[in-house]
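Working notes, structure below.
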Ligand SMILES: [Zn+2]
């Protein structure tokens with residue numbers, strides 16, 4: 001049990017999760033960046049280098065495919081980010097609930113045992129009906 005608990009603390013409370021998220025987001029973002037380069041920048045460079053009619057025609061022909069490839073890499077980035085967000089949200093909610101369960105009773109303030117007399121402002125027992133200090137009737 002000790003080892004499992006240690007692993008849980010390690011995996012869910014530490015930086016491991018943040019690091020994993022960073023790696024996954026970084027990978028997905030890299031795919032978007034290389035999609036922009038491959039599908040937009042490279043064809044433009046090719047077009048600039050090759051002014052011929054053939055070059056322009058090839059560029060125009062390839063454009064729809066390039067745009068859809070770029071769109072799909074952006075969409076997979078967004079889906080990856082969304083899924084990660086939902087997973088993290090779930091883990092945060094779960095660990096908040098666990099903390100709430102294990103902390104229950106500890107953080108609750110103890111029930112008050114005294115009250116303040118409205119007439120003389122002295123502290124008297126919570127169930128007193130007459131103040132010990134000024135002898136006023138209290139609720
Ligand atoms: Zn009093």
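The values are calculated or read from the model by the stated rules, or taken from the named source; none is laboratory data. A quick note: this is a predicted structure, and the numbers were derived from the prediction, not measured. Cβ placement follows ideal geometry from the backbone for every residue including glycine, while neighbour counts extend to all protein chains displayed.
Here residue 109 meets the list (1) loosely packed, with under 12 Cβ neighbours inside 10 Å; (2) assigned to a helix (DSSP H, G or I) almost entirely, failing just condition (2). Checking every residue in the stretch 54-66 against the condition of being within 37 Å of the chain's Cα centre (by Cα), assigned to a helix (DSSP H, G or I), surrounded by 12 or more Cβ atoms within 10 Å (Cβ to Cβ) and touching a residue at least 24 places away in the same chain (Cβ under 8 Å) gives at least one match. Quick check on the stretch 67-80. Is at least one of its residues outside any loop (DSSP other than H, G, I, E, B), modelled with pLDDT of 85 or more and within 16 Å of the ligand (Cβ to nearest atom)? Checked the stretch 67-80: no residue is outside any loop (DSSP other than H, G, I, E, B), modelled with pLDDT of 85 or more and within 16 Å of the ligand (Cβ to nearest atom).
Out of 121, 130, 89, I need the residue that is surrounded by fewer than 13 Cβ atoms within 10 Å (Cβ to Cβ), over 30 Å from residue 40 (Cα atoms) and more than 15 Å from the ligand (Cβ to nearest atom). Which one?
Of the residues listed, the single one that is surrounded by fewer than 13 Cβ atoms within 10 Å (Cβ to Cβ), over 30 Å from residue 40 (Cα atoms) and more than 15 Å from the ligand (Cβ to nearest atom) is 89.
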